[in-house]
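The values are calculated or read from the model by the stated rules, or taken from the named source; none is laboratory data. Predicted, not measured: the structure shown is a model, and the values here were computed from it. We place every Cβ from the backbone using ideal geometry, glycine too, and count neighbours over all the protein chains shown. Note: accessible area is taken over every heavy atom of the protein model, side chains too, but ligands, DNA and RNA are not part of it. Shrake-Rupley method; radii C 1.70, N 1.55, O 1.52, S 1.80 Å.
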Amino acid sequence: MVPLDGVVDLSWSERFGGGSTTYPIDSPGLAEAIGGAADEAIANARGGSPIAPPPGGVDNVRMQEARAYGLVLSGNPQGAIEVLHRVRRHRPTYPWEDELLERAGAVAALIETQRLHEVMQLLTGWRRENCASLGLQCE
């Protein structure tokens, strides 16, 4: 999970439920959609597949950032550095992209200086914050 300042954003290149499906925050279908996406991710993980299969191209810069953190969690810090360097080549248009690039650079620097424990602490904290924003109780 990536920090989003309490904003729930389920966007990525292949959205759960289809590319144009949206869920208002007060929608009765929101919890079902979150649960369905979580079930799919768990099934993929149990089946030995990547939770979010890696894409072949550049795709969405947010998705690439999340992919890099997934690589760290799966024990591939070198792969994460490669993806984070690609993320950092993105040319920002919006202020949130500047924040993303700064965060990606900071995490890459921690990995490159062998400070994986600090990276894991960041990822754990972001996960906790995102779970709380989604109203989930995560272990």
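Some points to look at:
- Residues of the range 116-139 classified as over 23 Å from residue 89 (Cα atoms) and at pLDDT 95 or above, total: 4
- Where residue 110 falls short, out of the listed (1) closer than 14 Å to residue 68 by Cα; (2) in contact (Cβ under 8 Å) with a residue 40 or more places away in the chain: (2)
- Looking across the range 58-98, the residues that are β-branched (Val, Ile, Thr) and under 23 Å from residue 115 (Cα atoms) come down to 72, 81, 83, 87.
- Selection within the range 83-102 - under 13 Å from residue 64 (Cα atoms) and open to solvent by 10 Å² or more (accessible area, probe 1.4 Å): 85, 86, 88, 89, 90, 97, 101
- Pairs where the first residue, in the range 126-139, is closer than 15 Å to residue 38 by Cα and the second is outside any loop (DSSP other than H, G, I, E, B), C-beta under 6 Å, 6+ apart: 138/131
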